[in-house]
Amino acid sequence: ENEDHFRPKKNVYETNVTGELFAFDPNTLNTAGWKRLGLRDKTIETIQHFLQKGYKFRQPEDLKKVYGLKKELAERLIPFVHIEAARKKYVANIDNPKPLFEHASEIKKSAMHVIDINLADTGDFILLRGIGSKLAARIIAFRNKLGGFTSVNQLGETYGLPDSTFKSILPQLQCDHPNPQTININVADAAKLKSHPYVSWNIANSIVRYREQHGKFSSVNDLLKIEIINQESYNKISPYLVVE
């Protein structure tokens, strides 16, 4: 029902798909912040008109409703949308790529910010010291490729994350909701197995060959019968594998 309030009078479409990426709340972001994200003035006016009417963005996908905002740009921004009424307000600063806290006391609180690494979004990760928008996006991408974290230590494997930064934020990380996506080793082909970051081509091919020679696996533990899979490799990959 809110779509009409996203429509300006003129058909001016957003064509700019460049801009700086950072976590933001579309309900509180100011004009300078929208410009940093790469939006044109006319599109920003459309959003401000919508908010002035008393409406709110309820979910990140609402960006797709903004008239004149190209689908490509909306999809580029959606992973960085963080909407939460109780969230501390960010100050959009055109000279600083990271959101700033309004009060020094909030900076101190950020050091105590504890998150569940399987439930956190980019905005939550950016609240951690040393984590910017790029690292936050990489953490989410790595989590998705794994199929979910099963331990806090896995986050430290994120590409480009300095070990010093990981160690500094480690006390603020929790993994209380491990529920990894799994692969059935009795039906998966080598390509499917290799799609997991912890499974090399050699291991994937060995699993398939063993299954072809000995029949279906009776349990995931049977993987230890494969010579190429040692205990260390097994411990890493077993949480993501099932026998059905």
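Below is a table of values for the structure above.
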{"item": "Any hit, the stretch 141-149, residues being open to solvent by 50 Å² or more (accessible area, probe 1.4 Å), touching a residue at least 24 places away in the same chain (Cβ under 8 Å) and touching an Asp or Glu at 6+ places or on another chain (Cβ under 8 Å)", "result": "no"}
{"item": "Complete set of residues in the stretch 223-244 that are touching a helix residue (DSSP H, G or I) at 6+ places or on another chain (Cβ under 8 Å) and outside any loop (DSSP other than H, G, I, E, B)", "result": "LEU223, LEU224, LYS225, GLN231, SER233, TYR234, ILE237, SER238, TYR240, LEU241, VAL242"}
{"item": "Among (1) more than 19 Å from the chain's Cα centre (by Cα); (2) modelled with pLDDT of 95 or more; (3) assigned to a helix (DSSP H, G or I) - the single one VAL199 does not satisfy", "result": "(3)"}
{"item": "The stretch 73-109, residues that are surrounded by 12 or more Cβ atoms within 10 Å (Cβ to Cβ) and at pLDDT 50 or above", "result": "LEU73, ALA74, GLU75, ARG76, LEU77, ILE78, PRO79, PHE80, VAL81, HIS82, ILE83"}
{"item": "Search result, residues across the stretch 178-196 that are part of a helix (DSSP H, G or I) and within 14 Å of VAL243 (Cα to Cα)", "result": "LEU193"}
{"item": "Top-ranked residue of the stretch 158-185 - restricted to ones that are free of Cβ contacts under 8 Å to residues at least 40 places away in the same chain and over 18 Å from ASP124 (Cα atoms), ranked as most open to solvent (accessible area, probe 1.4 Å)", "result": "TYR159"}
{"item": "Residues satisfying the stated conditions in the stretch 190-243, i.e. exposed (fewer than 11 other Cβ atoms within 10 Å of the Cβ) and closer than 26 Å to PHE142 by Cα", "result": "ALA191, ASN230, GLN231, GLU232, ASN235"}
{"item": "Failed condition for ILE115, given (1) closer than 30 Å to SER206 by Cβ; (2) hydrophobic (A, V, I, L, M, F, W, C); (3) open to solvent by less than 30 Å² (accessible area, probe 1.4 Å)", "result": "(1)"}
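Rundown of residues vs (1) modelled with pLDDT of 95 or more; (2) hydrophobic (A, V, I, L, M, F, W, C); (3) within 19 Å of GLY147 (Cβ to Cβ); (4) touching a strand residue (DSSP E or B) at 6+ places or on another chain (Cβ under 7 Å), yes/no style:
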| position | (1), (2), (3), (4) |
| --- | --- |
| PRO171 | no, no, no, no |
| GLN174 | no, no, yes, yes |
| GLN181 | no, no, yes, no |
| VAL208 | yes, yes, no, no |
| SER218 | yes, no, no, no |
| GLU227 | no, no, no, no |
| ILE237 | yes, yes, yes, no |
| VAL242 | yes, yes, yes, yes |
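The values are calculated or read from the model by the stated rules, or taken from the named source; none is laboratory data. Everything numeric here is computed off the predicted structure, so don't read it as measured data. For neighbour counting, all protein chains shown are included, and Cβ atoms are generated from backbone atoms with ideal geometry for every residue, glycine included. Remember, those area values only see protein heavy atoms, side chains included, never the ligands or the DNA or RNA. Shrake-Rupley method; radii C 1.70, N 1.55, O 1.52, S 1.80 Å.
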